[in-house]
Amino acid sequence: MFDFVIEGGPPEDDVTVWSKLPLQALAPGVLTPFSYSVLSEIVDRAWHQYYDRLGFKSAPGTRTVRQWQGRAYVNLSAAVRLEASCAGVTPMALRLNGELHPLATLEKPSLLGGLKNGRNQKKIDALLDATDQGIGETAREAYYWMVKTQEMRWTQADTLQVMEEIERVGVDSMLAYYAARHNLELLYNRLIRATLETVGYPAALPLINGALCDLDDLVETEIAAALMSLCERSSADDAVAAWLKQDSFDNWRARAPNSTLAEGLTEFIGTYGHRVVGEAEIARPRWYEDPTPVMHGLLGCLLRQAKPPIRTPSSQSRQRLLDALDAAQVKGSEAVIQQLRRLHHLQSHALHALAYIWAGTREWAKAAAHEAAHDGRLQEEDEVFFFQLEEIKQMMTGEWNVSDLSDIHATAAERKRQVEAWRELHTPPVLVGDRAARFTGEGLPGVSGLATGPLRRLPEQRTEGCKGAILGVEYLDSGWALALPAAKGFVAAGGTPADPFVAAARAWHRPTVIGLGEAYYGLVEGAQTTVDGDAATVEQ
């Protein structure tokens with residue numbers, strides 16, 4: 001879908017292509033062993049269940065997820081080949097060194113084969129519609145499971161019971177996310193290819209982005225709007241900004257400077273407190289555990305005196321996109337645009353549901369860690385995240401017991417070193433077999449517009465410090481929605497226009513350039529930076 005550079009010549013036809021782009025909204029960076037083991041199991045189950053529901057039979061033993069230098073990658077080739085053979089879906093294509101490389105071969109079907117393909121394509125549409133309509137119930141079930149874990153006394157029986165639930169409770173939410181994300185990428189790919197002859201690449205991307213500039217039913221836009229509302233309710237009290245500048249917010253409900261702020265924060269945390277930047281990394285405290293990012297996001301709103309955006313309708317942009325197509329493609333492309341809007345909604349709300357699963361799993365992991373630290377199996381409770389889920393199960397059931405303390409401690413120490421080493425690496429968005437396919441460094445247009453301000457390159461765990469600035473991060477996931485009211489624009493090393501945060505940033509008219517690759521790491525912290533979201537340039 002986007003331009004990549006790869007060394008060693010074109011790939012073989014049967015090589016497996018892996019991408020971290022579909023999973024970055026969940027896991028933007030390195031995952032600890034526990035978090036990867038949970039994510040990979042749920043993704044694998046959801047992947048197979050999605051195609052089972054469609055009646056598409058995958059090859060036995062299909063490997064759907066892999067870890068490479070600490071990051072999670074999903075198997076693109078397996079999905080594209082399965083859909084091409086079972087439903088005649090046009091295969092996704094990669095642009096490698098300027099040349100298109102489809103990930104599967106689409107055979108011309110017979111008359112009966114064409115009818116079968118048509119029926120199966122309708123099955124895909126029907127499953128997507130049903131999944132979108134049911135995402136509210138899916139999210140409620142995930143929420144109730146999280147609440148159960150929060151209210152447990154965590155007896156040994158409780159720990160063992162929830163341990164057996166973790167690998168299956170998140171499958172429905174993950175299926176919804178995978179279905180939305182995968183089909184978003186296919187549809188973006190389809191529109192890009194439909195405009196190659198008339199507009200060319202990457203000029204088509206701003207047209208597609210503009211046709212989706214007014215999505216307002218995303219959780220990310222809701223988070224930003226709720227923070228803005230809290231800002232408006234708090235702006236009259238000068239003591240609020242002073243209180244928000246502190247570094248610790250222990251017992252914040254009792255210590256808040258006024259009841260209006262305390263009530264507003266309680267409502268915000270009650271609704272969105274299970275979110276965090278990098279949600280699939282279960283080692284990270286959720287906002288309800290550490291509300292510091294929320295407090296500093298609110299401070300940024302107050303200091304900038306942020307205002308809600310004036311929404312620009314997408315109708316003119318949609319027409320410009322349709323005008324760029326051949327007349328024969330217009331009708332089908334109108335349906336594609338509408339489906340893109342629905343899938344962005346599904347993707348966003350599926351992530352919100354999955355965040356309940358990650359939060360509930362974290363509650364279980366903390367309980368398991370407390371028990372394992374009590375008898376010395378873990379020297380520190382946070383070490384639990386350096387063991388895979390099955391290994392923690394062995395600790396809980398006595399298979400890996402106190403007689404193996406030296407082995408357990410050595411394993412934790414070695415894995416800590418490995419995770420820290422991985423964090424120093426810049427991994428490619430795509431693997432072609434085991435070869436790295438990297439972004440060209442020229443950037444991708446995420447949100448149209450022009451913005452200038454000092455660059456604030458922030459660690460993943462923070463959202464403060466971006467008042468009136470250009471916020472730079474390795475990947476913009478949903479947790480960064482706290483920065484939408486205060487930041488003037490965004491830049492990122494990774495990401496695509498299909499990402500949920502980028503879709504929300506369009507509604508807030510925050511110029512954004514993504515997919516900078518290695519060029520991102522050359523940007524100078526604090527330097528005056530101009531972001532051009534249409535030309536996909538970042539200048540200092």
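The values are calculated or read from the model by the stated rules, or taken from the named source; none is laboratory data. On a predicted model such as this, the values are computed, not experimentally measured, just so you know. Note: ideal-geometry Cβ built from the backbone for every residue, glycine included; neighbour counts use all protein chains shown.
A search for C-beta distances below 8 Å between a residue of segment 334-346 that is of a type outside the set (Lys, Arg) and any residue that is at pLDDT below 95 and surrounded by fewer than 16 Cβ atoms within 10 Å (Cβ to Cβ), counting only pairs 6+ apart in sequence or on different chains, returns His345/Asp217.
Condition check ((1) part of a loop (DSSP other than H, G, I, E, B); (2) buried (at least 24 other Cβ atoms within 10 Å of the Cβ)) across all residues:
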| position | (1), (2) |
| --- | --- |
| Leu476 | yes, yes |
| Leu482 | no, yes |
| Gly495 | yes, yes |
| Ala503 | no, yes |
| Arg506 | no, yes |
| Glu518 | no, no |
| Tyr521 | no, no |
| Gly526 | yes, no |
| Thr530 | no, no |
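Being in a helix (DSSP H, G or I) and farther than 28 Å from Ser348 by Cβ holds for only one residue in Leu106, Leu127, Leu115, and it is Leu115.
The lone criterion from (1) out of contact with any Pro (no Cβ under 8 Å at 6 or more places or on another chain); (2) surrounded by 22 or more Cβ atoms within 10 Å (Cβ to Cβ); (3) more than 30 Å from Gln133 (Cβ to Cβ) left unmet by Ala355 is number (3).
Conditions (1) surrounded by fewer than 22 Cβ atoms within 10 Å (Cβ to Cβ); (2) under 30 Å from Arg318 (Cβ atoms), marked per residue:
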| position | (1), (2) |
| --- | --- |
| Gly200 | yes, yes |
| Ala211 | no, yes |
| Leu215 | yes, yes |
| Leu218 | no, yes |
| Glu222 | yes, yes |
| Asp237 | yes, no |
| Ala254 | yes, no |
| Ala262 | yes, no |
| Tyr272 | no, no |
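Under 7 Å between Cβ atoms, at least 6 apart or on separate chains: pull out the pairs that start in segment 403-426 with a residue that is in contact (Cβ under 8 Å) with a residue 24 or more places away in the chain and end on any residue that is loosely packed, with under 14 Cβ neighbours inside 10 Å and assigned to a helix (DSSP H, G or I). Qualifying pairs under 7 Å: His426/Glu518; His426/Tyr521. For segment 375-431, the candidate set comprises residues that are among the hydroxyl-bearing types (Ser, Thr, Tyr) and more than 25 Å from Glu41 (Cα to Cα); within that set, the residue that is nearest to the chain's Cα centre (by Cα) is Ser406.
Looking across Ser110, Ser173, Ser85, one residue alone is more than 23 Å from His48 (Cβ to Cβ) and of a type in the set (Ser, Thr, Tyr). It is Ser110.
Residues that are part of a loop (DSSP other than H, G, I, E, B), closer than 27 Å to Gln24 by Cβ and under 26 Å from the mean Cα position of the chain (by Cα) are absent from segment 328-336. If you filter segment 286-310 down to residues that are modelled with pLDDT of 90 or more and of a type in the set (D, E, K, R), you find that the one that is surrounded by the most Cβ atoms within 10 Å (Cβ to Cβ) is Arg286.
When segment 53-73 is examined, which residues are found to be crowded, with 20+ Cβ neighbours inside 10 Å and not in a loop (DSSP other than H, G, I, E, B)? The answer is Arg71, Ala72, Tyr73.
The residue pairs whose first member lies in segment 74-102 and is surrounded by 21 or more Cβ atoms within 10 Å (Cβ to Cβ), whose second member is among the acidic types (Asp, Glu) and outside any strand (DSSP E or B), and whose beta carbons are closer than 7 Å, counting only pairs six or more residues apart or on different chains, are Val89/Glu83; Met92/Glu185. Being touching a helix residue (DSSP H, G or I) at 6+ places or on another chain (Cβ under 7 Å), modelled with pLDDT of 95 or more, within 30 Å of Val171 (Cα to Cα) and aromatic (Phe, Trp, Tyr), is that true of even one residue in segment 396-405? Within segment 396-405 (the criterion being touching a helix residue (DSSP H, G or I) at 6+ places or on another chain (Cβ under 7 Å), modelled with pLDDT of 95 or more, within 30 Å of Val171 (Cα to Cα) and aromatic (Phe, Trp, Tyr)), the answer is no, since none of the residues qualifies. Please verify whether Arg362 is in a loop (DSSP other than H, G, I, E, B) and either over 17 Å from Gln161 (Cα atoms) or modelled with pLDDT of 95 or more (or both), treating the condition exactly as stated. No: the conditions fail for Arg362.
Per the listing Arg168, Arg181, Arg190, Arg140, the residue uniquely at pLDDT below 95, closer than 23 Å to Arg275 by Cβ and within 22 Å of the chain's Cα centre (by Cα) is Arg168.
Of the residues that make up segment 117-132, is at least one closer than 30 Å to Glu363 by Cα, under 26 Å from the mean Cα position of the chain (by Cα) and of a type outside the set (A, V, I, L, M, F, W, C)? Yes, that holds for at least one residue. If only residues of segment 7-39 that are under 22 Å from Gly515 (Cβ atoms) and charged (D, E, K, R) are counted, the one that is modelled with the lowest pLDDT is Glu7.
Any residue in segment 415-432 that is of a type outside the set (A, V, I, L, M, F, W, C) and part of a strand (DSSP E or B)?
So the first thing to find is which residues in segment 415-432 are of a type outside the set (A, V, I, L, M, F, W, C), and the list is 415-418, 420, 423-424, 426-429.
Now restrict to residues that are part of a strand (DSSP E or B): none.
No: segment 415-432 contains no residue that is of a type outside the set (A, V, I, L, M, F, W, C) and part of a strand (DSSP E or B).
Could you check, for segment 189-212, whether at least one of its residues is among the aromatic types (Phe, Trp, Tyr), closer than 30 Å to Ala87 by Cβ, in contact (Cβ under 8 Å) with a residue 60 or more places away in the chain and part of a helix (DSSP H, G or I)? So that I can check it myself, show each step before the final result.
Within segment 189-212, the first condition is being among the aromatic types (Phe, Trp, Tyr), and the residues that meet it are 201.
Filter once more, so that each one left must be closer than 30 Å to Ala87 by Cβ: 201.
Remaining after also requiring in contact (Cβ under 8 Å) with a residue 60 or more places away in the chain: 201.
Pick out the ones that are also part of a helix (DSSP H, G or I) and you get none.
No, because not a single residue in segment 189-212 is among the aromatic types (Phe, Trp, Tyr), closer than 30 Å to Ala87 by Cβ, in contact (Cβ under 8 Å) with a residue 60 or more places away in the chain and part of a helix (DSSP H, G or I).
Just checking, does segment 461-477 include any residue being out of contact with any strand residue (DSSP E or B) (no Cβ under 9 Å at 6 or more places or on another chain), among the β-branched types (Val, Ile, Thr) and modelled with pLDDT under 95? Checked against the condition, which is being out of contact with any strand residue (DSSP E or B) (no Cβ under 9 Å at 6 or more places or on another chain), among the β-branched types (Val, Ile, Thr) and modelled with pLDDT under 95, segment 461-477 yields no hits at all. If only residues of segment 311-327 that are surrounded by 15 or more Cβ atoms within 10 Å (Cβ to Cβ) and in a loop (DSSP other than H, G, I, E, B) are counted, the one that is modelled with the highest pLDDT is Ser314.
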